[in-house]
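The values are calculated or read from the model by the stated rules, or taken from the named source; none is laboratory data. None of the values given here were measured: they were computed from a predicted structure. Counting neighbours? That spans all protein chains shown, and the Cβs are built from the backbone with ideal geometry, glycine included. Ligands, DNA and RNA are stripped out before the accessible areas are found, and what is left, the full protein with its side chains, is counted by its heavy atoms. Shrake-Rupley method; radii C 1.70, N 1.55, O 1.52, S 1.80 Å.
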2 protein chains.
Amino acid sequence: MKQNSIAKLWGFMLCSCMAFAQTNAPAITEDFKPSTVNQPGQEYPQVNSQGYARFQIAAPDAKSVVVSLGLGGAKGGTTLEKAEDGLWKGTTAGPMDEGFHYYHVTVDGGVFNDPGALNFYGSTRWESGIEIPAHDQDFYALKDVPHGNVQQILFPSKSTNTSRRAYVYTPPGYHKDKSKTYPVVYLQHGWGEDETAWSNQGHVNLIMDNLIAEGKIKPFLIVMTYGMTNEIKWGGMSSFKIEPFQTVLVDELIPYVDANFRTVATPAGRAMAGLSMGGMETHTITLNKPDVFSHYALLSGGVYKPEEIKDKSKVKLIFISCGSKERPEGVKDAVKTLKAAGYNAVSYISEGTAHEFLTWRRSFKELAPLLFK
Amino acid sequence: MKQNSIAKLWGFMLCSCMAFAQTNAPAITEDFKPSTVNQPGQEYPQVNSQGYARFQIAAPDAKSVVVSLGLGGAKGGTTLEKAEDGLWKGTTAGPMDEGFHYYHVTVDGGVFNDPGALNFYGSTRWESGIEIPAHDQDFYALKDVPHGNVQQILFPSKSTNTSRRAYVYTPPGYHKDKSKTYPVVYLQHGWGEDETAWSNQGHVNLIMDNLIAEGKIKPFLIVMTYGMTNEIKWGGMSSFKIEPFQTVLVDELIPYVDANFRTVATPAGRAMAGLSMGGMETHTITLNKPDVFSHYALLSGGVYKPEEIKDKSKVKLIFISCGSKERPEGVKDAVKTLKAAGYNAVSYISEGTAHEFLTWRRSFKELAPLLFK
């Protein structure tokens, strides 16, 4: 996903390193601390205040240990060196972007996870994760405020002949005021991720708790389910069809949520949003089902064109975002065109981030106050 | 945990194998299928109808790959062999016990997880898991019945100066009948596990859904939180003190649950149960706090003696269980003594299982119908 920016930066580093070798190497500040998404009690991986990541892996008899994260070597990644204590150690060649990154460790040619890090579902496998502290991380921090719940539900799905899992964020107080109803955002993950991504990687529940505590939004529910319904072979997007997921979402999940939670069960009370592939799904399904959703949001997931939308009166908001290291001009231009065509359209560019979760955490924080006005 | 039974079986096998070598080796039925707790789309690990487990790990340049599960070799485990296709392959030397097992893979001396398997928190790390189909697995299967929710809550904890995580199982219909109140079981995991264990490894939510659908129990809530509150160094039990966890549970979590869920907020409506170390915690806390709980359950987690209990009138049920490969006589004797002393005490022995999760799934299924009568 970050191939472009990695390639560019690598090109730059290759030149500067070859010219200046040792002398010009940036000084690394030795204030490394364990990543905040390490397994309990684990000292490694670590990150420092500049955004460098440092790894330490035990594999005393291995010939080669390479971490997929970082900018070192022709293929990218960070090649670890075996120290005298038998541990493989290494630091990224440069600072990483702020925020969350997936990674894995290649040990003698086999792909494993870092035993020190928590795992997160991405690229159709549970990958290691690391968190580079962001200067604005306060908005998704766990704070001493009232907290909503993240509820795992199992809803019946006739079309796929099973009970399917979804997570429902219910805001603080949901359990108390038994007559109040809430609008709902159906929020989709990206390719290779699943219904755990927006909570685990995105901290969307904490973003909501904090925005509600600050009085910046009116509470709503968030529903997250698996969007790769027909991806049997986990191979890629080539065989992707929207119909199986659209059926699960619109004909099975939404009626279940409306029947089992206190929702505003009208188009005015429903948004659909998604990141990356989830944006593509949002784009297609909102256009296919104009009588189901009225608020649309694409996070690093394409754009809407005015001519694609059948009935303008049914669209209350279009939100389009991406990271500044993606294609921000495309997002801005699309929103300019939508505005000119009379839509309530908003763009957001996350500064200094690429196709990664900090872009989407920030995008969601910008989106939330605009919803259900 | 299974060291005793492994040692005994290993001793037996050593004799028979040396005497009969090839001829007497059991025929392995070639009906291997992917374990039900594999990562999506992953073919390995596999299990067959006899309970053998087969592993396949890619690490083309490794010198040694050993799976911690199985009975092969002097140290236990299964030593994989490198096949011509560069993959490391191997099958356990004998059938495994039915049910769920933790394991990991040692690659050139480093401890990693099997990239094919889902991970489960045990032994203070996220370990690989494998499921040997049990003959009675139907009781914890995902079925087409109404499903309850598993809610992640974040509750304020002054004593530990943070918001702590717990999971609350709410039965089907909880969201609908807004006046009904429910008794609550506070259910603890074992050493090295956490608040995810009873759902992920134990399937306690599915056990409940199925028992409710069959009309075998009256619905109740289950609350699961982390019980190793003061285990800073993750080293073991030697420094364990009950007070920090007791404070979190009794003074912080219970009031939060009673304030935020529709509970029967009296001792008559509260049970405490735990497996292994969670049983030890249950034992201590129920004896310390006779005015909080009235139903007690120890699952492979020790016994009560009549002389430990201050006021017999406050105890409505004592349930004590373990696997037949643990110390069933100790459990039966303790319950016999409790009954003779006038307690409503029940024992349960899980046939053919050791200190593992199938023992505890079955124990919970036996316990649930006895609660809150």
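Put simply, the amide H of B:Tyr182, placed in the peptide plane, has neighbours under 5 Å in B:Thr263, B:Val264, leaving out anything fewer than 5 places away on its chain.
Chain B against chain A buries an accessible area of about 3800 Å², both chains summed, 1.4 Å probe radius.
Counted over region A:24-105, the DSSP beta bridges are approximately 95% antiparallel. In degrees from 0 to 90, rounded to the nearest 10, what is the angle of the helix A:3-20 Cα long axis to the longest principal axis of chain A? Tilt of helix A:3-20: around 20 degrees.
Only Lys, Arg, Asp and Glu carry charge here, each on its Cβ (+1 for the first two, -1 for the last two); on that basis the protein assembly as shown has a dipole of about 2000 debye about its Cα centre. Backbone N atoms of region B:340-354 closer than 17 Å to the 7 Å Cα→Cβ label point of B:Ile28 are not found in any residue. Here the peptides A:328-337, A:105-114, B:261-270, B:276-285 are ranked by packing, the mean other Cβ count within 10 Å, and the order with the highest first is B:276-285, A:105-114, B:261-270, A:328-337. Our coupling estimate for region A:365-373, obtained by passing each phi through the Karplus curve with A = 6.51, B = -1.76, C = 1.60 and θ = phi - 60°, is 4, 6, 5, 3, x, 8, 7, 6, 6 Hz, Gly and Pro reported as x. To put it simply, the accessible area of the protein assembly as shown at a 1.4 Å probe is 55 percent carbon and sulfur. Between the helical axis of A:204-213 and the dominant principal axis of chain A, each derived from Cα atoms, what acute angle in degrees is found, rounded to the nearest 10? Long axis of A:204-213 versus the principal axis of chain A: about 70 degrees.
Placing a label point 7 Å from the Cα of A:Asp251 along the Cα-to-Cβ direction, the distances to the matching points in the other copies come to 5.6 nm, shortest first. Taking the DSSP bridge list for region A:134-241 and keeping only pairs wholly inside it, about 80 percent are antiparallel. Note on region B:58-198: with charges restricted to the Cβ of Lys and Arg (+1) and Asp and Glu (-1), its dipole about the Cα centre is near 800 debye. Taking Cβ atoms as reference points and 11 Å as the exclusive limit, the residues near A:Pro369 contribute a net charge of +2, counting Lys and Arg as +1 and Asp and Glu as -1. The value of relative contact order for region B:45-167, using C-alpha pairs under 8 Å at least six residues apart, is 20 percent.
Amide H to amide H, with H built 1.01 Å from N, B:Glu127 comes under 5 Å of B:Phe120, B:Tyr121, B:Gly122, counting only residues 5 or more places away or on other chains.
Between amide H atoms placed 1.01 Å from N, distances below 5 Å from B:Gly192 occur with B:Thr124, all of them 5 or more places distant or on a separate chain. In this view, the solvent-accessible surface of A:Met272, computed with a 1.4 Å probe and all protein chains in place, comes to about 0 Å².
Per-residue SASA remark: B:Lys33, around 130 Å² accessible (1.4 Å probe; ligands, DNA and RNA not included). When all protein chains stay in place and ligands, DNA and RNA are ignored, the 1.4 Å accessible-area order of B:Asp177, B:Asp291, largest first, is B:Asp291, B:Asp177.
Just to confirm, what accessible area per residue do you get for the protein assembly as shown at 1.4 Å probe, in whole Å²? Accessible area per residue: 41 Å².
Looking at the protein assembly as shown, the DSSP beta bridges with both ends there are about 65 percent antiparallel.
Mean residue ellipticity at 222 nm, helices only, chain B: -6000 deg cm²/dmol; runs of at least 4 DSSP H residues each add -39,500 (n - 2.57), and the sum is divided by the number of residues.
Each other residue within a Cβ distance under 10 Å of B:Ala213 adds +1 if Lys or Arg and -1 if Asp or Glu, for a net charge of -1.
The largest accessible area among A:Arg165, B:Arg54 belongs to the first residue in A:Arg165, B:Arg54, and the rest follow in falling order (1.4 Å probe, all chains). Rounded, prolate or oblate, given the Cα gyration tensor of region A:214-373, with a/c below 1.5 counting as rounded? Rounded, because the longest to shortest axis ratio a/c is under 1.5.
The other copies place their B:Pro60 label points at 2.8 nm from this one, listed shortest first, where each point is 7 Å from Cα along Cα→Cβ. Sorted from nearest, the other copies put their A:Lys373 label points 6.2 nm away, the label point being 7 Å from Cα in the direction of Cβ.
Accessible surface of A:Asp311, taken over heavy atoms with a 1.4 Å probe and every protein chain present, rounds to 60 Å².
Each other residue within a Cβ distance under 14 Å of A:Gln46 adds +1 if Lys or Arg and -1 if Asp or Glu, for a net charge of -2. To the nearest ten degrees, helix A:328-340 and the longest principal axis of the Cα atoms of chain A are 20 degrees apart.
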